[in-house]
Amino acid sequence: MSSEGIQNGGMAARSKASVIPPHLQLVNVWKRFGSEPNRTVAVSNVDLSIAPGEFVTLIGPSGCGKSTLFNMIAGLLPPDSDGSILLSGQPQPDGALLGKIAFMPQKDLLFPWRTVLDNATLALEVEGMSRRKARAKAESLFPEFGLMGFERHYPHELSGGMRQRVALMRTFLFERDLILLDEPFGALDALTRAMMQRWLLDIWERHKRTVLFITHDIDEAIFLGDKVMVMTARPGTIKQTETIALPRPRDASVITSPDFMEIKRRLLASVEEESMKTFALSRDAADRKTMS
Amino acid sequence: MAIRLNGLRTALPVGLALAGLLLAWEAAVRLFGVPAFVLPGPSGILVTIAEKSNILSAGLLVTLTEVAGGFAIGTFIGVALAIVLVLVPPLELMAIPLVIAINSVPSVAFVPLVLLWFGLGMASKIALAAFAVAIVVLLNTLQGLKRPESEAINLLRSFGASRFGILFRLRLPAAMPFLVTGLRVGLARSTIVVIVAEMMGGYGGLGQVIYQATAMMDSLTVWAGVVVASMASLGLYGLLVALDRKLVWWR
Ligand SMILES: Nc1ncnc2c1ncn2[C@@H]1O[C@H](COP(=O)(O)OP(=O)(O)OP(=O)(O)O)[C@@H](O)[C@H]1O
Ligand SMILES: [Mg+2]
């Protein structure tokens, strides 16, 4: 398992593969909700390993346990006791991961009473940085995040794409080496989305962090990732890991290249199979309900 | 400019309606020769307010002091209790049914008891006002403090925030609109309970002025007292609206 992570690792990892442990490693991670009669197994037997500096995308049908997995990696939810999470080779007991990982949840969760600037500095303030210093630090990022001139605006004055960029900036300003992004572009229109993807790669290449990125969109998963992981329908587990050897930096033309098409063909079958299962599962449940 | 114009646009019809009402009232009283002890006209009330301005303003001062003192103490207690309850959930489970039970009894019902405990001076009125305000502020603030969705709380936790960090950066700001609603209801309730308590037993205040005038069948002074009391609570309400804009600036 871990050998695969190292082989496919990002450029930073490749040269020192033998000494650097995986940045993040999950071993037999499970999450079950509720007790027996109506127990939900959200995540089952997940093993994965991500090298430092790697960009990994995670794709799977709705409700398969992706957000639950993220909550566990961020330390918000303890994994069931049969598995473990390791950060740079160190096992992490319950709660130990809080404050160590930059986590961007599925909703932007901007605070309506804070300006854009003060939303961006939220994590810095929590860490105890003075307001003045935190603002100065955030202000320097505004051009890069395409938000110049909006520092003093309130979130309700922004478009969806801009709100998402503020949430991303808040995540980036919480300077942790591992970043979890839960469907950051899920709510955006196709055009904005494509733009944001290229922009995110650009930022990632400059800031060099390890990224784990959830998406529903196969094109997005392939375009962004060093590695695409496919999750099965619930109970979610890693079904397949596909290494994306497309050269970087990538631009829009990559999407129409034959290599991309070939990878997409392979993944599409796998992803659709799981989506169909989810669909069948929910139909079964509905049938059972109507029968009783 | 636009806001002023808007304000004018809403104030104008209200002002006109009020003026019309007062005129009709005055005309009816004069036309039908209604005696003053049944219903005095607005002009008569105004004249009385001017004549009795000494005792009215002394009473107003006492009432306002009691309301303001009770309001400040009650707000502090209500907010503090709400914070404690949200930080210690088991305590909330125990306390809330009790608070809701107390809240369903009009605070006026407690007046005789409180007069007995705190005497006929200002202390009893301040205690009653504080009590009335604390209960509503507690219930509203608690609701507001519990408002943030778990995702937002988790976001702060993921940054390593403590309970207090979550309280100050998320729960309290989110509770502001609820607190303001609590203050508004609390203000109305505390004004009522203070005036009623003054009527039931006290040395001063508008309630006492109204009570004594009633005893002497001086209906003009009763009306003057009622009008001054209404004006005072209208003024306090205006202050709260301004406070609302300060505390909930993002809406
Ligand atoms: N606290 C909880 N209690 C009970 N069940 C839960 C809880 N959290 C999640 N689940 C269940 O776990 C499953 C996985 O949910 P999760 O949110 O992780 O899915 P997801 O893959 O992120 O879905 P989506 O793509 O729609 O965001 C769902 O069936 C959900 O109902
Ligand atoms: Mg999700």
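The values are calculated or read from the model by the stated rules, or taken from the named source; none is laboratory data. Source: prediction; values computed, not measured. For neighbour counting, all protein chains shown are included, and Cβ atoms are generated from backbone atoms with ideal geometry for every residue, glycine included.
Here are some notes:
- Selection within segment B:185-217 - surrounded by fewer than 17 Cβ atoms within 10 Å (Cβ to Cβ) and outside any helix (DSSP H, G or I): B:203, B:216, B:217
- Test: residue A:116 is touching a helix residue (DSSP H, G or I) at 6+ places or on another chain (Cβ under 8 Å), crowded, with 21+ Cβ neighbours inside 10 Å, over 18 Å from residue A:181 (Cα atoms) and more than 8 Å from chain B (Cβ to nearest Cβ): yes
- Annotation note: Cβ proximity below 9 Å between a residue of segment B:30-56 that is over 22 Å from residue B:204 (Cβ atoms) and a residue that is of a type outside the set (A, V, I, L, M, F, W, C) and not in a helix (DSSP H, G or I) (sequence gap 6+ or interchain) occurs for B:30/B:41; B:34/B:40; B:34/B:41; B:37/B:218.
- Answer residue from segment A:119-175, given it is among the basic types (Lys, Arg) and closer than 19 Å to residue B:151 by Cα and is farthest from the other protein chains (Cβ to nearest Cβ) among those: A:165
- Inside segment A:88-99, residues that are touching a helix residue (DSSP H, G or I) at 6+ places or on another chain (Cβ under 9 Å) and farther than 16 Å from residue A:31 by Cβ make up a count of 2.
- In this structure, residue B:189 qualifies as among the basic types (Lys, Arg) and within 22 Å of residue B:71 (Cβ to Cβ).
- Where helices (runs of 4 or more DSSP H) sit wholly within segment B:78-167, those with at least 2 residues that are under 17 Å from the mean Cα position of the chain (by Cα) occupy B:122-145.
- Among the criteria (1) in contact (Cβ under 8 Å) with a residue 60 or more places away in the chain; (2) farther than 30 Å from residue B:163 by Cα; (3) not β-branched (Val, Ile, Thr), the one residue B:119 does not fulfil is (1).
- Qualifying residue in segment A:38-54 (condition: among the charged types (D, E, K, R), within 13 Å of ligand 1 (Cβ to nearest atom), touching a helix residue (DSSP H, G or I) at 6+ places or on another chain (Cβ under 6 Å) and more than 14 Å from chain B (Cβ to nearest Cβ)): no
- Flag for residue B:131 being away from chain A (no Cβ under 11 Å), within 25 Å of residue B:65 (Cα to Cα), of a type in the set (Phe, Trp, Tyr) and surrounded by 19 or more Cβ atoms within 10 Å (Cβ to Cβ): yes
- From A:103, A:111, residue being within 30 Å of residue A:68 (Cβ to Cβ), touching a residue at least 60 places away in the same chain (Cβ under 8 Å) and within 9 Å of chain B (Cβ to nearest Cβ): A:103
- Count - residues of segment A:55-68 that are within 11 Å of ligand 1 (Cβ to nearest atom), more than 14 Å from every other protein chain (Cβ to nearest Cβ) and under 24 Å from residue A:90 (Cβ atoms): 1
- Being in contact (Cβ under 8 Å) with a residue 40 or more places away in the chain and not in a loop (DSSP other than H, G, I, E, B) is a property that holds for residue B:237.
- Filter pass, residue A:232 being polar (S, T, N, Q), farther than 25 Å from residue A:274 by Cβ, touching a strand residue (DSSP E or B) at 6+ places or on another chain (Cβ under 6 Å) and modelled with pLDDT of 90 or more: no
- Residue within segment A:77-88 that is at the interface with another protein chain (Cβ under 10 Å from one of its Cβ atoms), more than 30 Å from residue A:276 (Cα to Cα) and either within 16 Å of ligand 1 (Cβ to nearest atom) or hydroxyl-bearing (Ser, Thr, Tyr) (or both) present: no
- Being surrounded by fewer than 20 Cβ atoms within 10 Å (Cβ to Cβ), within 30 Å of residue A:179 (Cβ to Cβ) and within 14 Å of another protein chain (Cβ to nearest Cβ) is not true of residue B:171.
- Residue in segment B:183-190 that is under 25 Å from residue B:50 (Cβ atoms), among the polar types (S, T, N, Q) and away from chain A (no Cβ under 14 Å) present: no
- Search result, residues across segment A:48-75 that are away from ligand 2 (no atom under 16 Å from the Cβ) and within 21 Å of residue A:243 (Cα to Cα): A:48, A:49, A:50, A:51, A:52, A:53, A:54, A:55, A:56
- Selected residue (criterion: farthest from ligand 2 (Cβ to nearest atom)) from residues of segment A:76-91 that are buried (at least 21 other Cβ atoms within 10 Å of the Cβ) and in a loop (DSSP other than H, G, I, E, B): A:79
- Test: residue A:94 is within 14 Å of another protein chain (Cβ to nearest Cβ), away from ligand 2 (no atom under 16 Å from the Cβ) and under 18 Å from residue B:157 (Cα atoms): yes
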